[in-house]
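The values are calculated or read from the model by the stated rules, or taken from the named source; none is laboratory data. On a predicted model such as this, the values are computed, not experimentally measured, just so you know. No Cβ is skipped: glycine too gets one built from the backbone with ideal geometry, and neighbour counts run over all protein chains shown. To get the accessible areas, we keep the full protein, side chains included, count just its heavy atoms, and leave off ligands, DNA and RNA. Shrake-Rupley method; radii C 1.70, N 1.55, O 1.52, S 1.80 Å.
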Amino acid sequence: MGSLVKDYLCKKVFDITPDKIYHVTVMPCFDKKLESSRKDFFNDFHQSKDVDCVLSTIEIENLFQKENIDLSSMQDGILDLPFTLCKDQTSIKQELEKHESIYTHQGGGSGGYLEHVLVNSAKNLFNYDLTCDQIVYKQLRNSDFKEVNLEINGEVKLRFAIAYGFRNIQNIVQKIKKKNCTYHYIEIMACPSGCLNGGGQIRDEQTNSLSKELLQKVESIYNSVKNQIPNENKFVQQLYDSIWLGNDKENLEKNLYTTYHEIEKNTNGLAIKW
């Protein structure tokens, strides 16, 4: 999203430099604040961050309470479609306005793309037509550790897994260290139950925690959004064909990919808070 806002919107829609846009995101996670501060997401030339400010849902709730804003009494507004404002996207804008404005993709409450990757891998690697409805998870040690296999003619071709929470992540890491991890793809999230149960998520007023009932309600609302296969999204199709990406490997890696690397520990004794 940072690349879309600070690069695509600036160049293709508003014709301004990225430092002229202040990009705010709302997340159920405090770690997104740390992520937004990474040097990898900073434009040295324009001295601009991809995401300028991250607010957790708890902070949004506190702001509403401070300003006496009752969200339930507010009228629905018209959702902007900023990525369709470009002159050469008139047809895309008209097409999107015929349908619902908000879509999600098939998957869990963390917004992961395991199912999308599995479906496309089945087609591209084995010419096998797999649909999301055919994907069946097998629960392992707990509800946050599941696996799903692509089986063709009785032979397992791909092994995918979901591991949420540090306990399950540690088990995966141990398997990798012992070189007995058989998975081809693993979707990992630090929080149990995924991002919907993030550290910055709104809590129950009585218990100051995200109860099982509240989490189920959040999941129900999240899953009520209509699914759409990313490949069939009109804007996504246009975006890949646009000059901004142009299906060029260098542009794709620059704007849609990132890398993660180990942060060296500060061993300077003067920097230690004794």
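Results, tabulated for the structure shown:
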quantity	calculated
Anisotropy class of segment 135-274 from Cα gyration tensor, a/c 1.5 cut	rounded
In nm, spacing of pseudo-spin labels at GLU59 and GLN134 (7 Å Cα→C-beta vector)	4.5 nm
Cα-based shape type of segment 1-65, given that a ≥ b ≥ c are square roots of the gyration tensor eigenvalues and the cut on a/c is 1.5	prolate
FRET efficiency, 1/(1 + (r/R0)^6) with R0 41 Å, evaluated for GLN216 and ASP15 via beta carbons	0.35
Unit charges at the beta carbon, dipole of the chain: most positive-side option, PHE235, LEU252, VAL148	VAL148
Fraction of accessible area attributable to carbon and sulfur, the chain (%, probe 1.4 Å)	51 percent
Within a Gaussian network of the chain (alpha carbon springs, distance under 10 Å), most fluctuating of LEU118, LEU150, LEU79	LEU79
Under DSSP loop assignment and at most 12 Cβ neighbours within 10 Å, longest GluC sites (Glu not before Pro)-free interval of the chain	101-204
Anchor LYS212: lysines whose Cα lies under 29 Å away (excluding residues fewer than 8 positions away in-chain)	LYS32, LYS33, LYS66, LYS138, LYS146, LYS226
Separation in nanometres of the label points that stand 7 Å from Cα toward Cβ, at GLU232 and SER73	4.2 nm
Dipole of segment 150-240, positive end: most advanced residue of ILE188, ASN171, ASN223 [Cβ charges, Cα centre]	ASN171
1.4 Å probe accessible area per residue over the chain, in Å²	70 Å²
Nearest-20 debye value, the chain charge dipole, Cβ charges on Lys, Arg, Asp, Glu	1040 debye
Formal net charge of residues neighbouring VAL156 (Cβ-Cβ distance under 15 Å; K, R +1; D, E -1)	0
5 Å-binned pair-distance histogram of segment 155-204 (Cα, whole percent)	5, 19, 23, 19, 13, 9, 6, 3, 1, 0
